[in-house]
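Here it is: the structure, laid out below.
The values are calculated or read from the model by the stated rules, or taken from the named source; none is laboratory data. Just so you know, these numbers come straight off a predicted model, no measurement behind them. So basically every Cβ, Gly included, is an ideal-geometry build from the backbone, and we count neighbours across all protein chains shown. Only protein heavy atoms, including side chains, enter the accessible area calculation; ligands, DNA and RNA are left aside. Shrake-Rupley method; radii C 1.70, N 1.55, O 1.52, S 1.80 Å.
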Amino acid sequence: MKNGKFWDIIDRSLEASGGSTGRQAVELEEILAAMPPEQIASFNATFVSKNLELYTWELWGAAYVLVGGCLDDCFEYFRNWVVGQGSDYHQAVKRDPQVLADGRLRSDVEIGDAESLAYTGADAYLRSSGGRELYEDYPESPSTIAGEEPWGTAWDEEEVENLYPGLTPLPAD
């Protein structure tokens, strides 16, 4: 799927959500379910690609500081949330994780809710295709679960907060 169309779909779901990450997943699935299955599969592959572009030690360090610790699953959901914020934000965070100090991410609950953003493609595909599974029809479809080490320079848990002086831990809900 072309970048413009992908980001337009993300933007529409974000706007319709009123800022709720959980609601965005519902809106995104509705938008996708109205599309042909092939386009949904393409959207899903693009979503995964955009998510994995963020698989860096630098961003993981920022997520670690914001959440007060961030394991693999948390970091995957965190990247989902960033993708869900649209193209400009995705690019800004990718360039400089300190952008996350802007307050857009208000609580760690939003990160947990962002897990569902990764499932919207498969769920919409199931609806649009009359019950077929995305990963059965497209077994080569990628996943947001990264199997290798992140890109960039690894950090030490004792020192990571010093790398992101502008970031403060999110309130836990």
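Report yes if some residue within segment 52-62 is closer than 25 Å to S128 by Cβ and open to solvent by less than 20 Å² (accessible area, probe 1.4 Å); otherwise report no.
From segment 52-62, those closer than 25 Å to S128 by Cβ are 52; that's our starting set.
Then keep just the ones that are open to solvent by less than 20 Å² (accessible area, probe 1.4 Å); that gives none.
Within segment 52-62 (the criterion being closer than 25 Å to S128 by Cβ and open to solvent by less than 20 Å² (accessible area, probe 1.4 Å)), the answer is no, since none of the residues qualifies.
Could I ask something else about it? Given L105, L170, which one is touching an Asp or Glu at 6+ places or on another chain (Cβ under 7 Å) and open to solvent by less than 80 Å² (accessible area, probe 1.4 Å)?
Working: L105 fails: touching an Asp or Glu at 6+ places or on another chain (Cβ under 7 Å).
That would be L170, the only listed residue that is touching an Asp or Glu at 6+ places or on another chain (Cβ under 7 Å) and open to solvent by less than 80 Å² (accessible area, probe 1.4 Å).
When R132 is evaluated against the numbered criteria (1) farther than 15 Å from L14 by Cα; (2) assigned to a helix (DSSP H, G or I), which criterion, by number, is the only one it fails?
(2)
Name the pairs: first residue in segment 121-146 and closer than 25 Å to F78 by Cα and in contact (Cβ under 8 Å) with a residue 60 or more places away in the chain, second residue in a loop (DSSP other than H, G, I, E, B) and not basic (K, R), Cβ to Cβ under 7 Å, at least 6 apart or on different chains?
From segment 121-146, the pairs are L134/S141; A146/Y55.
State all residues of segment 135-171 that are assigned to a loop (DSSP other than H, G, I, E, B), touching a helix residue (DSSP H, G or I) at 6+ places or on another chain (Cβ under 7 Å) and farther than 29 Å from L14 by Cα; if no residue qualifies, say none.
Just the residues of segment 135-171 that are assigned to a loop (DSSP other than H, G, I, E, B), to begin with: 138-150, 152-159, 164-171.
Going one step further and asking which of them are touching a helix residue (DSSP H, G or I) at 6+ places or on another chain (Cβ under 7 Å), we end up with 138, 141-146, 150, 152-155, 164, 166-167, 169-170.
Of everything in segment 135-171, those that are assigned to a loop (DSSP other than H, G, I, E, B), touching a helix residue (DSSP H, G or I) at 6+ places or on another chain (Cβ under 7 Å) and farther than 29 Å from L14 by Cα turn out to be G152, T153, A154, W155.
Show the residue pairs meeting these rules: Cβ distance below 7 Å; 6+ apart or different chains; first residue within segment 82-109 and modelled with pLDDT of 95 or more; second residue among the charged types (D, E, K, R).
As it stands, the answer is V83/K50; Q85/R104; G86/D11; H90/K50; K94/E53; P97/E58, since those pairs meet every condition given.
Does at least one position in segment 16-27 carry a residue that is of a type in the set (S, T, Y), out of contact with any strand residue (DSSP E or B) (no Cβ under 8 Å at 6 or more places or on another chain) and open to solvent by less than 20 Å² (accessible area, probe 1.4 Å)?
Yes.
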